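What follows is a set of notes on a single structure, which appears directly below.
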Amino acid sequence: MKRRTFVSVTVAALMPGPVARQHVDPALIDYFQQQLEGHYRADMLLGPHDLIGTVSAQYQLIDKLLRSAKGETRRSLLRVGAAYAALVGWLYQDAGDVGAASFWRGVTQEIAVRSRDPHLIGYSLVNQAQVRTDLGDGYGVIDLCEAALDDDRIFPKVRVMAMQQHAHGASLTGDRATVDRLIDAAGGLISRVDDDLPWGNACRRTPGYLEVQRATCYGRLGLGREAENLWSQVLDAVPATARRDRGVYLARHATAAAGAREPEQAVEIARAAAEIAAETRSARMLRELRGLERAMRPWQDAPVGRDLVEILAPVTEGS
């Protein structure tokens, strides 16, 4: 990574001090929490690039306030700061910058540990595991998720997150039985997710959340037909407001269709995915479309293969 790029990634988290002391009103906690929820909604609609600067700047402000805050206000700021750092890490991950994502996941873990909040510490470990998933390191994913699950104090939401991410690790090691066991066990906890924490709410916000994870794992395991059947069910429930996620799911669905030896269906699904990829510039979606290209190689010289090249050209050329 070039030094200038590294500085731009880290500047919001590494602000030198000391800074001038100031009064930190407890009402600021509500402000940051409300802004955070808005950022989550915007992320689903816009993708990462338009939000990274805004969210990281707000994290920098939280870090500045932490140097003056005391007592419960300080503890609350640490908790909300960890959530902001996690979101910045996610945005960089979705933008395809794994190095920056890993840096911000480390910031999340530091702030979580400073908060002494076991739920946030578990959440930060799952965040680290997400990066390991993108790196294809199944055993690294499993190590981090098992570390999170070792703490009996964590809320059901964090346990669900750790279990489903653990399933991704299992899929990377070719262990279908563990994938199904973990997803099924997480399903038994969903009804117990009742905390009011502003972060980590995808399991409540995303229709068919766990079946999305299962379908993704099945695709990774090469179970094309089973993955395709699951995606067909899941996508019907994805709302229009989750446009970026829908694009990722469509790309995975198309790849599963190719794996099920249905190339025409794969290309038709890819049309919608490519349109969303062009709008959101999500590197995660582009990576899924690259996977679709590989899955469609048996038909690369057929008319359907040439159709796919034409459909994907606007988003894959020069990337």
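The values are calculated or read from the model by the stated rules, or taken from the named source; none is laboratory data. Just so it is clear, the structure is predicted and the values come from calculations on it, not from any experiment. Reconstructed Cβ throughout: ideal geometry from the backbone, glycine too, with neighbour counts over all protein chains shown. Protein only, heavy atoms only, side chains kept; ligands, DNA and RNA dropped before computing areas. Shrake-Rupley method; radii C 1.70, N 1.55, O 1.52, S 1.80 Å.
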Work from the charge dipole of the chain (Cβ charges, +1 for Lys and Arg, -1 for Asp and Glu, about the Cα centre) and give the residue of 148, 285, 46 farthest towards its positive end.
148
For the range 131-230, what is the accessible area per residue in Å², given a 1.4 Å probe and the full set of protein chains?
43 Å²
Heavy atoms only, probe 1.4 Å: what % of the accessible area of the chain goes to carbon and sulfur, would you let me know?
50 percent
³J(HN,Hα), Karplus 6.51/-1.76/1.60, whole Hz, each residue of the range 166-178, x for Gly, Pro:
4, 4, 4, x, 5, 5, 5, 9, x, 9, 5, 4, 5
Contact order normalised by residue count of the range 168-241, Cα under 8 Å, 6+ apart, percent:
33 percent
Per-residue ellipticity at 222 nm for the chain, helices alone: DSSP H runs ≥ 4 residues times -39500 (n - 2.57), over residue total, nearest 500 deg cm²/dmol?
-23500 deg cm²/dmol
What is the magnitude of the charge dipole of the range 178-319 about its Cα centre, with +1 placed on the Cβ of each Lys and Arg, -1 on the Cβ of each Asp and Glu, and no other charges, expressed in debye to the nearest 20?
340 debye
Shape metrics for the range 52-182, restricted to C-alpha atoms - Rg then Dmax, Å
15.2, 50
With a cut-off of 8 Å between alpha carbons and a minimum separation of six or more residues, what is the relative contact order of the chain in percent?
13 percent
Residue 10 accessible area, 1.4 Å probe, all protein chains in place, Å² to nearest 10
10 Å²
Any trypsin sites (Lys or Arg not before Pro) in the range 75-120 that lie in a DSSP loop and have at most 15 other Cβ atoms within 10 Å would be 116
Leaving ligands, DNA and RNA out of it, work out the accessible area of residue 232 with a 1.4 Å probe and give it in Å² to the nearest 10.
50 Å²
Using Cα-Cα distances under 8 Å and only pairs 6 or more residues apart, what relative contact order does the range 189-299 have, in percent?
22 percent
Assign one of three labels to the range 158-255, namely rounded, prolate or oblate, based on the Cα gyration tensor with a ≥ b ≥ c the square roots of its eigenvalues; rounded applies when a/c is under 1.5, prolate when it is not and a/b is larger than b/c, and oblate otherwise.
oblate
How do the peptides 16-29, 177-190, 269-282 rank, highest first, by the average count of neighbouring beta carbon atoms within 10 Å per residue?
269-282, 177-190, 16-29
Vicinal HN-Hα couplings computed from phi for the range 120-134 (Karplus, 6.51 cos²θ - 1.76 cosθ + 1.60; Hz; Gly/Pro x):
5, 4, x, 4, 5, 5, 5, 4, 4, 5, 4, 5, 4, 4, 5
155, 103, reordered so the largest accessible area comes first (probe 1.4 Å)
155, 103
